[in-house]
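Visitor: One structure follows; several queries about it will come next.
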Amino acid sequence: MILISGRTIEQGTNLENKLSEAYKNAVAVCELSEEDLKKLGLKGDGSERVRVRTAAGEVVVTAKKGAGYPEGIAFIPMGPWANAVVSGETKGAGMPFFKGIEAEIEETDEEVPSVHELMRRYAE
């Protein structure tokens, strides 16, 4: 699949408290097309989790049905969970590339990590 990231209204309105459950619920998600959810055997109602793996890393997030995404496109809002799978390489642009990232996505029973757990992972 191809992973993209970007800003959302929900992500932006919760920026003031990045440690809140509301922020996690808004940002620790992977939105997929109805077709891709079916291929993965998922409902996309927010009750299931997926592992998103790229060359830069992997992260567990909640799977949700996205509005209007074409098949083969996955979207994670900008934030700590997207940062876990986006390379820090900027190729001189000064900004990582948040679009067009090759990703593998699979269902998992693992829990979505908290912001604290993600930060501990990078501190090690």
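Visitor: Which order results if 87, 5, 20 are arranged by neighbouring Cβ count within 10 Å, fewest first? All intermediate terms of the calculation are to be shown ahead of the outcome.
Guide: Working: 87 15, 5 22, 20 12.
Listing 87, 5, 20 from fewest to most nearby Cβ atoms yields 20, 87, 5.
Visitor: Net charge near residue 8, counting Lys/Arg +1 and Asp/Glu -1 over other residues with Cβ under 13 Å of its Cβ?
Guide: Neighbourhood net charge equals 0.
Visitor: Which part of region 53-82 falls in the paramagnetic zone of residue 25, meaning amide N under 20 Å from the point 7 Å along Cα-to-beta-carbon?
Guide: Under 20 Å, as judged by backbone N against the label point of residue 25, lie 60-67, 76-82 of region 53-82.
Visitor: With +1 on each Lys and Arg Cβ and -1 on each Asp and Glu Cβ, how big is the dipole of region 2-123 about its Cα centre, in debye rounded to the nearest 20? Intermediate values should be presented prior to the final figure.
Guide: Details: 15 positive and 20 negative charges, 78 e Å.
For region 2-123, the charge dipole is close to 380 debye.
Visitor: Then there's this: With the contact rule set at Cα under 8 Å and sequence spacing of 6 or more, what percent relative contact order holds for the chain? Please report the intermediate quantities before stating the final value.
Guide: On the way: 247 pairs, mean separation 43.8, N = 124.
Contact order relative to length: 35 percent.
Visitor: Okay, moving on. For residue 8, list long-range residues whose amide hydrogen, built 1.01 Å from N in the peptide plane, is under 5 Å from its own amide hydrogen.
Guide: 78
Visitor: Got a sec? Which residues in region 27-53 would a label at residue 65 touch, if it sits 7 Å along Cα→Cβ and we count backbone N under 11 Å?
Guide: 33-35, 37-38, 43-46
Visitor: Considering the values (i) 1.18; (ii) 1.06; (iii) 0.94, which represents Rg/Rh (Cα atoms, Kirkwood Rh) as calculated for the structure under consideration?
Guide: (iii)
Visitor: Determine which aspartates and glutamates satisfy two conditions relative to residue 24: a Cα distance under 18 Å, and not lying fewer than 8 residues away in the same chain.
Guide: Leaving aside aspartates and glutamates fewer than 8 places away in the same chain, those within reach of residue 24 are 10, 16, 45, 48, 58, 109, 110, 111, 117.
Visitor: Let me ask something additional. Spelling out what I want: for every residue of region 28-39, take phi, set θ = phi - 60°, compute 6.51 cos²θ - 1.76 cosθ + 1.60 (Karplus), and round to whole Hz; glycine and proline get x.
Guide: Per residue, the Karplus-derived 3J(HN,Hα) values read 8, 9, 10, 8, 10, 5, 4, 5, 5, 4, 4, 4 Hz.
Visitor: So, one more: Could you work out [θ]222 nm for the chain from helices alone, using -39500 (n - 2.57) per DSSP H run of at least four and dividing by all its residues? Round to the nearest 500 deg cm²/dmol.
Guide: It comes out at -6000 deg cm²/dmol, rounded to the nearest 500.
Visitor: Sticking with this one: Picking from 79, 112, 30, whose Cα lies most toward the positive end of the charge dipole for region 2-123 (charges on Cβ: Lys, Arg +1; Asp, Glu -1)?
Guide: It is 79, whose Cα lies furthest towards the positive end.
Visitor: Sticking with this one: Do any GluC sites (Glu not before Pro) in region 1-78 lie in a loop, going by DSSP, with at most 12 other beta-carbon atoms within 10 Å of their beta carbon, and if so which? Don't skip to the answer; put the middle values down first.
Guide: Numbers: sites: 10, 16, 21, 31, 34, 35, 48, 58, 71; in loops: 71.
For GluC sites (Glu not before Pro) across region 1-78 that sit outside H, G, I, E and B with at most 12 neighbouring Cβ atoms in 10 Å, the list reads 71.
Every number here is computed from the coordinates shown, using simple stated rules; none is lab data. Computed from a prediction, not measured in an experiment: that's the story for all the values here. As a convention, Cβ positions derive from the backbone with ideal geometry for all residues, glycine included, and neighbour counts pool all protein chains shown.
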